[in-house]
Amino acid sequence: MSALLRFSFLAAADSRTLQRFVQQHGFRLGAARFVAGESLDAAVPVLRRLNERGLRTNTTLLGEGVRAEAETTKVVDAYREILERIHREQLATNVALKLTHLGLAFDEELACRNVEELVAHAQTLGNFIRIDMEESRCVEATLRIYRRLREVGYDNVGTVLQSYLYRSEDDLASLLPTKPNLRIVKGAYLEPPELAYPKKADVDAAYVRLIERSLLGDGFTGIATHDERLIEHTIAFTRRHDVHRDRFQFQLLYGVRPRLQLDLVARGYSVLVATPYGPEWYRYLMRRLAERPANVLFIARNLVRR
Ligand SMILES: Cc1cc2nc3c(=O)[nH]c(=O)nc-3n(C[C@H](O)[C@H](O)[C@H](O)COP(=O)(O)OP(=O)(O)OC[C@H]3O[C@@H](n4cnc5c(N)ncnc54)[C@H](O)[C@@H]3O)c2cc1C
């Protein structure tokens, strides 16, 4: 049943009609639980409040699948503004972005130039950019671009591996010698059984393998999950193997398990809360519903309250 619901929400993420309906009913439908606001001005106080509680943050201008070069220029400009604003406001915030927002869906070179411009700008401001991982058709190009950036000397850039993909263990093995900065996630998209483990138990087991292998390497590992069992497993593993706390970080989503986020800070761990903003929140919200269909009840309650 829950696999069917997951499928329905991820299919809904691609429905334009549903998108129009949901966007019309705006933020109060429930997106505000997962999204810091529709503008940068609205997001900044949210980022600041999280920082004040000891949580580091990253932010993302929501949007993906851009199809024209001129549009990507606007996205690059918006990210330059975000980086400058973070710097001015002295926030403990970095940036996570999607390459399809920068043109990957139609021009890999353009996406590469765009992200390089932002990584270079972030470097001058002492900041860091994480390249999110999207659908499986983007993985090869995303890793290629990440490697190119590292090869030309940027070390303020990281990317993501998804444990549901069979290929990720090989990807990790080939990246480890480069001392990568990797966020490990389970994976949020609809993928076929030829490419991804269909069973959650297998995705979880692969997640443990990726985390352990990454933590024993020389890079930095973002453990991006709300799964308490996996978080406790990681804590026990890092103690057993003397992995220093500055070599890994727990990463959770804004609006998900906020008490757990603070508990981890109280235990002395570095915690980052991924806190996106922007008017294009629809597909992001659908992925959050797919992860936990019970979130629909939260949204239904908001509708009834209107
Ligand atoms: C910081 C961060 C960055 C991410 N970046 C990417 C990325 O670049 N590419 C990508 O494909 N995926 C990304 N993801 C999403 C990820 O792939 C998973 O879809 C998501 O994290 C849910 O899986 P889980 O590991 O929390 O475990 P699950 O096994 O799905 O959930 C474990 C428990 O966490 C809680 N939980 C999980 N999700 C939710 C939710 N939405 N609402 C409320 N409670 C929830 C529930 O209590 C659940 O029982 C990211 C996730 C995080 C935390």
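Coordinate-derived values only; no laboratory data. Values in this document were obtained by computation on a predicted structure and should not be read as measured data. All Cβ positions, even for glycine, are placed from backbone atoms using ideal geometry, and neighbour counts span all protein chains on display.
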Report task. Find how much the distance from LEU125 to ARG33 grows on full extension, using 0.36 nm per residue of separation minus their present alpha carbon separation; answer in nm with one decimal. Result -> 30.1 nm
Report task. Bin all alpha-carbon pair distances of the stretch 21-172 at 5 Å intervals from 0 and give each bin's fraction as a whole percent. Result -> 2, 9, 18, 19, 20, 16, 12, 4, 1, 0
Report summary line: Among ASN295, ASN181, ASN114, the residue with the largest mean-square fluctuation in a Gaussian network model of the chain built from Cα contacts under 10 Å is ASN295
Query raised in the report: HN-Hα J couplings of the stretch 222-233 from phi, Karplus 6.51/-1.76/1.60, θ = phi - 60°, integer Hz, Gly and Pro as x?
Result: x, 8, 9, 7, 9, 7, 4, 4, 6, 5, 5, 4
**Report entry** Other-chain or far-sequence residues with amide H under 5 Å of GLY103's (modelled H)
**Finding:** VAL66
Query raised in the report: By per-residue mean of other Cβ atoms within 10 Å, what is the highest-first order of 183-194, 144-155?
Result: 183-194, 144-155
Query raised in the report: Given H placed 1.01 Å from N in the peptide plane, which residues other than close sequence neighbours of ASN181 have an amide H under 5 Å from its amide H?
Result: THR159, PHE220
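Efficiency by 1/(1 + (r/R0)^6): what FRET value for ARG209 and LEU262, r their Cβ-Cβ distance, R0 = 25 Å, to the nearest 0.05?
Working: r = 29 Å, r/R0 = 1.16.
Efficiency computed from Cβ-Cβ geometry: 0.30.
Say R0 is 35 Å: what FRET efficiency, to the nearest 0.05, do ARG53 and ALA201 get from their beta-carbon distance? Don't skip to the answer; put the middle values down first.
Working: r = 34 Å, r/R0 = 0.97.
So the FRET efficiency works out to roughly 0.55.
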Query raised in the report: Roughly speaking, what is the stretch gain from ASP155 to ARG240, that is 0.36 nm per residue apart minus the C-alpha to C-alpha distance, in nm to one decimal?
Result: 27.8 nm
Report task. Rank by packing, highest mean first: peptides 229-237, 248-256, with packing defined as the count of other Cβ atoms within 10 Å averaged across residues. Result -> 248-256, 229-237
Query raised in the report: Just from the alpha-carbon atoms, what are the Rg and Dmax of the stretch 129-258 in angstroms?
Result: 14.1, 39
Query raised in the report: Taking +1 at the Cβ of each Lys and Arg and -1 at the Cβ of each Asp and Glu, which of TYR207, MET286, HIS241 sits farthest along the dipole of the stretch 161-306 towards its positive end, judged by Cα position relative to the Cα centre?
Result: MET286
Query raised in the report: Taking the Cα atoms of the chain alone, what are Rg (to one decimal) and Dmax (as a whole number) in Å?
Result: 18.4, 54
Report task. Give the relative contact order (percent, whole number) for the stretch 34-92; include only Cα pairs under 8 Å separated by 6+ residues. Result -> 34
Report task. Pop a pseudo-label 7 angstrom from the Cα along the beta-carbon direction at both THR17 and ARG137 and give the gap in nm to one decimal. Result -> 2.3
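Please report the projected area of the stretch 82-121's Cα convex hull averaged over all directions, in nm². Don't skip to the end; give the middle numbers.
Numbers: hull surface 11.0 nm².
Taking a quarter of the hull surface, the average projection is 2.8 nm².
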Query raised in the report: To the nearest 500 deg cm²/dmol, what mean residue ellipticity at 222 nm is calculated for the chain from DSSP H runs of n ≥ 4 alone, each contributing -39,500 (n - 2.57), summed and divided by the residues?
Result: -16000 deg cm²/dmol
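About the Cα centre of the chain, how large is the charge dipole given +1 on each Lys and Arg Cβ and -1 on each Asp and Glu Cβ? Please answer in debye to the nearest 20. Could you put the intermediate results ahead of the total?
Details: 45 positive and 39 negative charges, 267 e Å.
For this selection, approximately 1280 debye.
Any idea what the relative contact order of the stretch 222-262 is, in percent, if you count C-alpha pairs under 8 Å spaced at least 6 apart?
Details: 22 pairs, mean separation 23.2, N = 41.
The normalised contact order for the stretch 222-262 reaches 57 percent.
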Query raised in the report: Quick one: if you stick a label point 7 Å off each Cα along the C-beta vector at ALA294 and ASP218, how many nm between them?
Result: 4.4
